[in-house]
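Accompanying notes for the structure given below.
The values are calculated or read from the model by the stated rules, or taken from the named source; none is laboratory data. If you're wondering where the values come from, they're calculated on a predicted model, not measured in any experiment. Cβ coordinates were reconstructed from backbone atoms using ideal geometry, including for glycine residues, and neighbour counts include every protein chain displayed. The protein model used for the area step is the full one, side chains on, heavy atoms only, and it has no ligands, DNA or RNA in it. Shrake-Rupley method; radii C 1.70, N 1.55, O 1.52, S 1.80 Å.
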There are 4 protein chains.
Amino acid sequence: MMAPSKLPRQLADTWQSRLGLAPAGEPAPPWATSRWFNHEGAPLQPAALRGRVVVLHAFQMLCPACVHHGLPQAQRIQAAFAADDVAVVGLHTVFEHHAAMMPVSLEAFLHENRIRLAVGVDAVAADATDPIPVTMRRYGFQGTPSLVLIDRKGRVRRHAFGAEEDLTVGAAIAVLLAEVG
Amino acid sequence: MMAPSKLPRQLADTWQSRLGLAPAGEPAPPWATSRWFNHEGAPLQPAALRGRVVVLHAFQMLCPACVHHGLPQAQRIQAAFAADDVAVVGLHTVFEHHAAMMPVSLEAFLHENRIRLAVGVDAVAADATDPIPVTMRRYGFQGTPSLVLIDRKGRVRRHAFGAEEDLTVGAAIAVLLAEVG
Amino acid sequence: MMAPSKLPRQLADTWQSRLGLAPAGEPAPPWATSRWFNHEGAPLQPAALRGRVVVLHAFQMLCPACVHHGLPQAQRIQAAFAADDVAVVGLHTVFEHHAAMMPVSLEAFLHENRIRLAVGVDAVAADATDPIPVTMRRYGFQGTPSLVLIDRKGRVRRHAFGAEEDLTVGAAIAVLLAEVG
Amino acid sequence: MMAPSKLPRQLADTWQSRLGLAPAGEPAPPWATSRWFNHEGAPLQPAALRGRVVVLHAFQMLCPACVHHGLPQAQRIQAAFAADDVAVVGLHTVFEHHAAMMPVSLEAFLHENRIRLAVGVDAVAADATDPIPVTMRRYGFQGTPSLVLIDRKGRVRRHAFGAEEDLTVGAAIAVLLAEVG
């Protein structure tokens, strides 16, 4: 588990240094998905979730750190915040063992583990020799689990690889929530 | 463990309803202490900590929920935030088994559990028949563990009895941190 | 988690009542498997393991109680006892979500979770409409996880469905180990 | 946490090597206690418990490894085995912070943690300069937690310092239980 970073002294600096991005930031790239579970209608997109803070949890169903830490944390986030304030979205970014984690397996996994999060299946790369799915490459994920926080204006503000502490994730979400404006 | 309350939909409402207090709030009552551990100099007081968010963790060293949940959480809070932003303070509010939890026992407890928090010993009531110590009565704690959040202006903004989730405590601290100025 | 049953007062009675079987018992039915992981050569069979105590852990890779309790326990058993005394064998008894838990998925699951146990894949029923695999039906498993203890003479001596405590499982294994000769 | 030792291959050797003592062994030294909790009548003694397997758990109430591992394990042992087969006894062996762990504190500790084990208070040494209590010195404990297994004939058969796995403790108890007669 990665050591939690401290919230730095100056709060203005805190946000910048914690998030690693300028406050203005880049808009979150669109999500390329082939299928959704626990969600009906048009595929979810960060642009369509503007006004809310978005927590994107990228995982693989056979990644132990995702099963034991990342997904339970994503479920706790969904339980702790109102859906109108914070949208928690799962993204199944398979970059290894592709045949082992097909959507039919993911569907049973979500069912058996009672995961009610909306989960998109990251789209396979157009280049069939590329094991990295489209959204994963767009966002530059280093692996799974990865946690992305997107602000109310649709900009990526935080990007973390590996296990994170609930305290600091909760604090970061609240900082983005407080940016009402 | 108490169910975590959801952050309500309207953020302006959220803060009020979560904290149960008007934004203006009352100044935090002073702490009446007979002794401090892990702190030298003048006894700590909320007024002297203005400018920082203060997390006051009231506990008893023989209270299982304090040992297994509250104190580890207080230590995680201290590790997660910079000391110049957030002051985490312990208060040993003995209201039962007084002879069992004298300062000599508390000192060994803190040492053996490697608790580095500043911990004040809540002062015994002037009325010798009153088992409730002075600060506990001033704050109206229902028992231990109790967690109080005091804002940068020294006002009590949140008051919780029992176990709380890290996610919501981290979020509440960040909301107070964001109230700069 | 099921309540642990107490070892009854009379040790002679203990074994019988705990195991629910007469000491003589029935020979363990053979295992019908289509494939093995972490094992090379002829398929494992209880008859070929005579002389050792055999711990058979029946699981499904997407069964949460198996992932979080049963498989870690099986790994602890393998670590705690010498391989010449106790043979720990996994059996993947898929009786639901068949397409989700094909051997290609099981292989990745074992790899990612670093499970070194020999694991057999329970054979699909000859009757294609029967979702229950062959060995599961022979043993009468009620579901997963199931834990079977087979004594040094190849007889089923204990048969448990659901989570069990390490203390009582360790005790039961030792009782069978003590039946030398 | 100490690594669990494997039960060695030859069962005859297993018992000897695991227990570190010849099967004949020495009789367990008597317990020197100044007081008992959760037990009325004559002070408990190993000689008076002959016929049963005795599990002696030596602890200090402010020792974190005792609070978080040793005492919960002792309670699980008491719950898993019948009282007529296995007697679980606690011994409060204070060798440091004496003033912090007086009987009045121990009593509240046992009450608050709902520990129903019979617990004896190890007697202070006759030599007032010796911090090691009498029974601790007789048994040669290296510290707390220590776990001693005494067989049905009153002989010390196993002596462990530090955390132990439930699986191996359960197995060792069962081996002693199986020594009927």
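Share of carbon and sulfur in the accessible area of the protein assembly as shown stands at 56%, probe radius 1.4 Å. Expressed as a whole percent, how much of the Cα-Cα distance distribution for the stretch C:23-130 exceeds 21 Å? The calculated P(r) of the stretch C:23-130 puts 36 percent of pairs beyond 21 Å.
Partner shielding of C:102-111 amounts to 5, given as the average count of beta-carbon atoms from other chains within 10 Å of each residue beta-carbon. Near the amide H of D:L91, within less than 5 Å, lie the amide hydrogens of D:H57, D:A58, D:F59, D:G120, all on another chain or at least 5 residues away, with H placed in the peptide plane.
In chain A, helical runs assigned H by DSSP with n ≥ 4 each contribute -39500 (n - 2.57); averaged across all residues and rounded to the nearest 500, the mean residue ellipticity at 222 nm is -7500 deg cm²/dmol. Contact order, relative form, for the stretch B:119-181: 21 percent (alpha carbon pairs under 8 Å, 6 or more residues apart, mean separation divided by residue count). Under 5 Å from the amide H of D:W31 lies no amide H of any residue 5 or more positions distant or on a separate chain, with H modelled from the backbone and absent for Pro and chain starts. The percentage of C-alpha pairs in chain A whose separation is greater than 30 Å is 14%. For the pair D and B, the buried accessible area comes to roughly 1300 Å² in total, with a 1.4 Å probe and the value rounded to the nearest 100. Residues in the stretch A:148-156 carry Karplus couplings, in order, of 10, 10, 10, 7, 4, 9, x, 9, 5 Hz; the curve used is 6.51 cos²θ - 1.76 cosθ + 1.60 with θ = phi - 60°, and Gly or Pro positions show x. Taking Cα centre as origin and charging only the Cβ of basic (Lys, Arg, +1) and acidic (Asp, Glu, -1) residues, the dipole magnitude of the stretch B:26-178 rounds to 420 debye.
Between A:A128 and A:F161, what's the calculated FRET efficiency when r is the beta-carbon distance and R0 is 30 Å? Round to 0.05. Approximately 0.70, to the nearest 0.05.
Distances between equivalent label points of D:G143 across the copies, with each point positioned 7 Å along Cα→Cβ, amount to 3.4, 3.5, 4.4 nm, shortest listed first. With θ taken as phi - 60° and the Karplus curve 6.51 cos²θ - 1.76 cosθ + 1.60 applied, the whole-hertz 3J(HN,Hα) list for the stretch D:33-49 is 10, 9, 5, 10, 10, 6, 7, 10, x, 4, x, 5, 9, x, 4, 7, 9 Hz, x standing for glycine and proline. Axis of helix D:71-80 versus longest Cα principal axis of chain D: the two differ by about 50°, to the nearest ten degrees.
Size estimate for the stretch D:114-169 follows the Kirkwood approach: the inverse of mean 1/r over distinct Cα pairs works out to 13.3 Å. The value given for the protein assembly as shown is a Kirkwood hydrodynamic radius of 29.1 Å, derived from the mean inverse Cα-Cα separation.
In peptide C:162-169, what is the residue-averaged number of other protein chain Cβ atoms found within 10 Å of each Cβ? Whole-number average of other-chain Cβ neighbours for C:162-169 is 5. In this calculation the C-beta distance from C:H68 to D:H68 is compared with R0 = 22 Å, giving a FRET efficiency of 0.60. Mean partner shielding of peptide C:52-65, defined as the number of other chain Cβ atoms within 10 Å of each residue Cβ, is 2.
Within the straight-line cut-off of under 16 Å between alpha carbons, the aspartates and glutamates reachable from C:K153 are C:E26, C:D84, C:D85, C:E179, sequence neighbours fewer than 8 places apart in one chain being disregarded. Principal-axis analysis of the Cα atoms of chain A puts helix A:166-177 at an angle of about 70° to the longest axis.
Using a 7 Å projection from Cα along Cα-to-Cβ, the label point at D:H111 is separated from the same position in the remaining copies by 2.6, 5.4, 5.9 nm, smallest value first.
3J(HN,Hα) along the stretch A:87-93, derived from phi through the Karplus expression 6.51 cos²θ - 1.76 cosθ + 1.60 where θ = phi - 60°, amounts to 9, 9, 10, x, 9, 8, 9 Hz, with x in place of Gly and Pro.
Across the identical copies, the 7 Å label point of A:P27, projected outward along Cα→Cβ, sits 5.1, 7.3, 8.8 nm from its counterparts, in ascending order. Here the contact order of chain A, divided by its residue count and restricted to Cα pairs under 8 Å and six or more residues apart, works out to 33 percent. Could you grab the relative contact order for the stretch C:85-140? Cα pairs under 8 Å, six or more apart, rounded to a whole percent. Reported relative contact order: 43 percent.
Axis of helix D:103-112 versus longest Cα principal axis of chain D: the two differ by about 60°, to the nearest ten degrees.
Solvent-accessible surface of chain C, taken per residue with a 1.4 Å probe and all protein chains present: 42 Å².
Residues whose amide H comes within less than 5 Å of that of B:A82, counting only those at least five positions distant or on another chain, are A:L7 (H built at 1.01 Å from N in the peptide plane).
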